[in-house]
Each structure stands twice: as C-alpha cells, then as structure tokens.
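There's a structure below that I have some questions on.
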C-alpha cells in the first residue's frame, strides 16, 4: 500500500530544485505575493528553526525579529509561490528543531556560523 502512495505522490508533485539547508541556517526566501492582478516578490530573511516531513509534504519554518517582535512563517517546499531560496549563512547547531530560540533575545539568540574555507589566488 505504501508503494502505491509513494508512486501517486511522486507523479502528482512537480520536482522543485532548492539548495540544501537545515535547521540553524540563515536563509532568504523570495515569495510571490498576488494582490489583485499585480504580482510582486517579497523576501523573508531569517533562521530556519525546523524542517518537517519529506518529499511532497515537506515544509520548513523560518523565524526573524521584526521591530522587536518575533515573526515565524511556515513555507511548503513544493509551493509554486516560492521563487527562490538563498542560503546566507550555514549555522552550527546540535538540534533538529530550534524551538528554544523563541525564548531567547539579543546576543543569546545568536547561532554559531560555519566558516567556509575560501582559496585566495595571489
């Protein structure tokens, strides 16, 4: 039965190519918003606090602080409204779900950043 469900999910959903990211990464999600007949792209920049499910039903939650208020938004991975996802920073965390960040503010809410080795030609 599960093979049949997997087949149906695979055939009904379109394949979307986004960069690999995980909880703790800082990303920018460019999201299409339709207002009447106009369409614009809004960018939501924040820290990924969780990833859920897999394949067609996968989603992720992004948290940011806006005017001193924490704002969280849940995005489905396979959403046709997501224009692109950019990974700004790769964070070093030891948890898959970072709900403890909700209680922290300021410097306590920082996540260590993984420093990429860049080769410089002289």
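Read the figures in this text as sums done on the coordinates, not as results from a lab. Just so you know, these numbers come straight off a predicted model, no measurement behind them. Heads up, the Cβs are rebuilt from the backbone with ideal geometry, glycines too, and the neighbour counts pull from every protein chain shown.
Counting helices only, and only those DSSP H runs with n ≥ 4, report the 222 nm mean residue ellipticity of the chain as the sum of -39,500 (n - 2.57) divided by its residues, in deg cm²/dmol to the nearest 500.
Working: 1 runs with 11 residues, N = 122.
For the chain, the value works out to -2500 deg cm²/dmol.
I want to check the label-to-label distance for residue 33 and residue 84. Put each point 7 Å from Cα in the C-beta direction and report it in nm to one decimal.
My value for the distance between the label points is 2.0 nm.
By how many degrees, 0 to 90 and rounded to 10, does the Cα axis of helix 2-12 deviate from the longest principal axis of the chain?
80
Compute the relative contact order of the chain as a whole-number percentage, counting only Cα pairs closer than 8 Å that sit 6 or more residues apart in sequence.
After rounding, I find 26 percent.
P(r) tail for the chain, what percent of Cα pairs lie past 21 Å?
Roughly 49 percent, once rounded to a whole number.
Let me ask something additional. Say R0 is 30 Å: what FRET efficiency, to the nearest 0.05, do residue 92 and residue 65 get from their beta-carbon distance? Before the final figure, lay out the partial values.
Working: r = 20 Å, r/R0 = 0.68.
The value I calculate is 0.90.
Which order do the peptides 43-50, 32-39, 109-116 take when ranked by the mean count of other beta-carbon atoms within 10 Å per residue, highest first?
Output ranking for 43-50, 32-39, 109-116: 43-50, 109-116, 32-39.
As a footprinting exposure proxy, order 61, 11 by other Cβ within 10 Å, with the fewest listed first. Show your work: numbers first, answer last.
On the way: 61 19, 11 7.
By the 10 Å Cβ count, ascending, the order reads 11, 61.
Moving on. Please sort 93-103, 65-75 by packing, taking for each peptide the average over its residues of neighbouring beta carbons within 10 angstrom, highest first.
93-103, 65-75
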